[in-house]
Amino acid sequence: MAPRANWKGFLRLSLVTCPVALYPATSESEKISFNQLNRQTGHRVKYLKVDAETGDEVPNEDIVKGYELEKGQYIEVSKEELEEIALESTRTIEIDEFVDRSDIDPRYLIRPYYIRPDGKVGHDAFAVIRETIREMNKVAIGRVVLTNREHIIALEPMDKGLVGTLLRYPYEVRSEAEYFDEIQDVKVTKDMLDLARHIVNQKAGRFEPEKFEDHYETALIELINEKRAGKVIRPKERPKGENVVDLMEALRRSVGKEAGKQAAPAKADKPAKKPRKAAAGQKEMLMPIAGKKAAAKETSAKKPASGARRKSA
């Protein structure tokens, strides 16, 4: 099934225009989600839109937008009035300027989208815009309207398409001063820095997302499968944090610890592939949840003891 576009319109660089479609580059749908249930009946809880004063349910056609001026005093704004102030960026991503990637503060980044030509026409114009951005080694800055709000969008080439990252406005970014002002000015000695640098060098590597496992998601899957198998869920002992008294000693011990890890490369290499298996395992474990037979078959294959419990349940 083809992905559904979040937005369709035009990408424009001066007089060069092409139709494009914008798709979310990330997804949360693969994560486990929960419904809220009535503990007494086990039925799913439904939310209704009700009048805050009368408690009566309000049909969708009678719901309008309102801005609260004072407590209980609102200015109503109709859908037609909002359409009247529609901006050009509602249908067109106009490239306003080109900047260096390093100029964009990470705090301004919101979320990425994939952008590709929409339909069979406009591929030539799209390629010209894409390759111009690539050749100049710049990020193109434009504006786009999503969910009725205008956003700044940063465009960068990726393979044959573009990645557009939504950016925040300055008023949406909090100043760091109110959080950092109370941090004490501490003099860090050269010896401490040397030890810390040594630890960093021992841990140096490349960022490879597939190496990382979502441990909480894995724990959720294990919890659900254990409850399906009728197991008794017992709380696990949580690790206790240690208070560092001697910082230099802690740094020295850290250097020794990392050196020990590097001394056993065979063991260190295996965990790098483990998350990949875990990711595949997540889907294998999640799918059988819909059917008890498949779940029982998989569980019995992996854990004979739990399989026996299922049969007895």
Review point. Does region 141-159 include one or more residues that are crowded, with 19+ Cβ neighbours inside 10 Å, in a helix (DSSP H, G or I), among the aliphatic types (A, V, I, L, M) and in contact with a Ser or Thr (Cβ under 7 Å, 6 or more places away or on another chain)?
Key: no
Review point. Within region 168-175, is there a residue that is surrounded by 10 or more Cβ atoms within 10 Å (Cβ to Cβ), outside any helix (DSSP H, G or I) and not charged (D, E, K, R)?
Key: yes
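So if I check each of Glu57, Glu28, Glu70, Glu53, which one is charged (D, E, K, R), within 30 Å of His215 (Cβ to Cβ) and free of Cβ contacts under 8 Å to residues at least 40 places away in the same chain?
The conditions single out Glu28.
Residue by residue, here is whether (1) among the polar types (S, T, N, Q); (2) touching a strand residue (DSSP E or B) at 6+ places or on another chain (Cβ under 6 Å); (3) closer than 18 Å to Ser14 by Cα holds:
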site: Ile75; (1), (2), (3): no, yes, no
site: Ser78; (1), (2), (3): yes, no, no
site: Ile95; (1), (2), (3): no, yes, yes
site: Pro106; (1), (2), (3): no, no, no
site: Ile133; (1), (2), (3): no, yes, yes
Check your understanding: Regarding Arg134, is this residue closer than 19 Å to Val20 by Cβ, open to solvent by 40 Å² or more (accessible area, probe 1.4 Å) and not in a loop (DSSP other than H, G, I, E, B)?
Key -> yes
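Is it fair to say Leu87 is open to solvent by 60 Å² or more (accessible area, probe 1.4 Å) and not basic (Lys, Arg)?
Details: open to solvent by 60 Å² or more (accessible area, probe 1.4 Å): yes; not basic (Lys, Arg): yes.
In short, yes.
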Practice item. Scan region 107-130 for residues that are of a type in the set (Lys, Arg) and open to solvent by 60 Å² or more (accessible area, probe 1.4 Å) and jot them down. Key: Arg107, Arg111, Arg116, Lys120
Practice item. Can you tell me which residue within region 1-39, out of those that are open to solvent by less than 30 Å² (accessible area, probe 1.4 Å), part of a strand (DSSP E or B) and hydrophobic (A, V, I, L, M, F, W, C), is farthest from Val145 (Cα to Cα)? Key: Cys18
Review point. So how many residues does region 161-216 have that are touching a Phe, Trp or Tyr at 6+ places or on another chain (Cβ under 6 Å) and among the hydroxyl-bearing types (Ser, Thr, Tyr)?
Key: 0
**Study point:** Conditions (1) without any contact (Cβ under 8 Å) to a residue 60 or more places away in the chain; (2) closer than 15 Å to Leu22 by Cα; number of the one not met by Asp96
**Key:** (2)
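The values are calculated or read from the model by the stated rules, or taken from the named source; none is laboratory data. Quick caveat, the model's predicted, so the values are computed rather than measured. When we count neighbours, we look across all protein chains shown, and the Cβ atoms used for this are built from the backbone with ideal geometry, even at glycine. Each accessible area value is taken on the protein alone, full model and side chains, heavy atoms only, with ligands, DNA and RNA left out. Shrake-Rupley method; radii C 1.70, N 1.55, O 1.52, S 1.80 Å.
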